[in-house]
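Take a look at the structure below.
The values are calculated or read from the model by the stated rules, or taken from the named source; none is laboratory data. Nothing here was measured: the structure is a model prediction, and the numbers come from that model. Please note: Cβ atoms are built from the backbone with ideal geometry, for glycine as well, and neighbour counts cover all protein chains shown. Side chains included, ligands, DNA and RNA excluded: accessible areas come from the protein's heavy atoms. Shrake-Rupley method; radii C 1.70, N 1.55, O 1.52, S 1.80 Å.
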Amino acid sequence: MRKLASVAILLLLGGGLTYQAGQAVAARVDAQPAAFVPETLSATFAHMKATPQRFEVHAWLTLKQVDGTQAALRQEALGIAKNFGSSSAQAGAHTVATKVSVHARQQPNMDVVAVTETLPGMPGSVASVLCATLTYPNAPAQTVAVIRITAPYETSADFLLSYERVVRIAHEVTAHPEVNATLMGSVARELSAKSRMNLLSSAMQHLYVNRPHVTSYTYTSVMSGESALTLPNLAVGKGLQNIQVAAHANSFTHRTEILVGSPMITVEY
């Protein structure tokens, strides 16, 4: 039930995520400093000779003792969103939030309040907090939150600071947040299926992944698995996964879109 709920919430946040991506609510960050995940994704892009263009970081939180009314959800979302602008070592120079907006939505089995804002020093960034109460037959009501930052990849420092910021805010709300990061970009050529597989295989070797799970279609190739690097893990079936890479050949732009996510890619590709 929780995974199905995450699909609906992430669709509201991202607008067009795949079902697989919606279920990619990532695992707990407790094995490495927060910097390790964005640095690993950036290093993988460099290994693939791909140009990073955008990133997304989000955290899934289960809230307790929160009244599920629209007013309570609004108060909770605004309270969490205030932390986007708080000053800390992790937040760096980005200390003031701007252009705050609040949206509420009611639909079957779900009440939602979303707070969005931009972050100064990061043009094109969107920082958001979504709080929702989910009610399904034969299941207790559940109130959850999703904290998310998405922005153009201008510098590795922005990616790092955004990841650290989301981790910090999430830990202020709950002891066990679930955090995921995805880096998106491209290579300047349209790769064949064989070339895509070779590129992804090289990335998996770079990440010390043995026996990756492989999926390949006409224009899209995907590999995922458990890296020997100490990245946060996600339980998938009977195993664990902490990294996923994808390549999508775009016949319109004659480029190949590259995505790397840990533990899983959470945007459409």
>> Residue under question is residue 256, and the condition is that it be polar (S, T, N, Q), open to solvent by 40 Å² or more (accessible area, probe 1.4 Å) and either closer than 27 Å to residue 59 by Cβ or part of a strand (DSSP E or B) (or both); does it hold?
In response: no
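Looking at the structure I just gave you, is residue 148 open to solvent by less than 10 Å² (accessible area, probe 1.4 Å), among the basic types (Lys, Arg) and either farther than 23 Å from residue 68 by Cα or outside any loop (DSSP other than H, G, I, E, B) (or both)? Before you say what the answer is, go through the steps one by one.
Values: open to solvent by less than 10 Å² (accessible area, probe 1.4 Å): no; among the basic types (Lys, Arg): yes; either farther than 23 Å from residue 68 by Cα or outside any loop (DSSP other than H, G, I, E, B) (or both): yes.
So residue 148 fails the test.
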> So which of 140, 120 ends up being open to solvent by 10 Å² or more (accessible area, probe 1.4 Å), out of contact with any Gly (no Cβ under 8 Å at 6 or more places or on another chain) and closer than 21 Å to residue 71 by Cα?
Replying inline: 140
>> Can you say whether residue 156 is within 29 Å of residue 254 (Cα to Cα) and buried (at least 16 other Cβ atoms within 10 Å of the Cβ), as far as the supplied structure shows?
In response: yes
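Can you tell which of 50, 59, 77, 71 is touching a Lys or Arg at 6+ places or on another chain (Cβ under 8 Å), small (Gly, Ala, Ser) and modelled with pLDDT of 65 or more?
Values: 50 fails: touching a Lys or Arg at 6+ places or on another chain (Cβ under 8 Å); 77 fails: touching a Lys or Arg at 6+ places or on another chain (Cβ under 8 Å); 71 fails: touching a Lys or Arg at 6+ places or on another chain (Cβ under 8 Å).
Going through 50, 59, 77, 71 in turn, just one is touching a Lys or Arg at 6+ places or on another chain (Cβ under 8 Å), small (Gly, Ala, Ser) and modelled with pLDDT of 65 or more: 59.
Of these, 184, 204, 197, which one is open to solvent by 10 Å² or more (accessible area, probe 1.4 Å), modelled with pLDDT of 95 or more, under 14 Å from residue 41 (Cα atoms) and not in a loop (DSSP other than H, G, I, E, B)? Walk me through how you get there before you give the answer.
On the way: 204 fails: open to solvent by 10 Å² or more (accessible area, probe 1.4 Å); 197 fails: under 14 Å from residue 41 (Cα atoms).
One residue alone meets the criteria, 184.
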> On the given criteria, is residue 96 modelled with pLDDT under 90, over 30 Å from residue 250 (Cβ atoms) and touching a helix residue (DSSP H, G or I) at 6+ places or on another chain (Cβ under 6 Å)?
Replying inline: yes
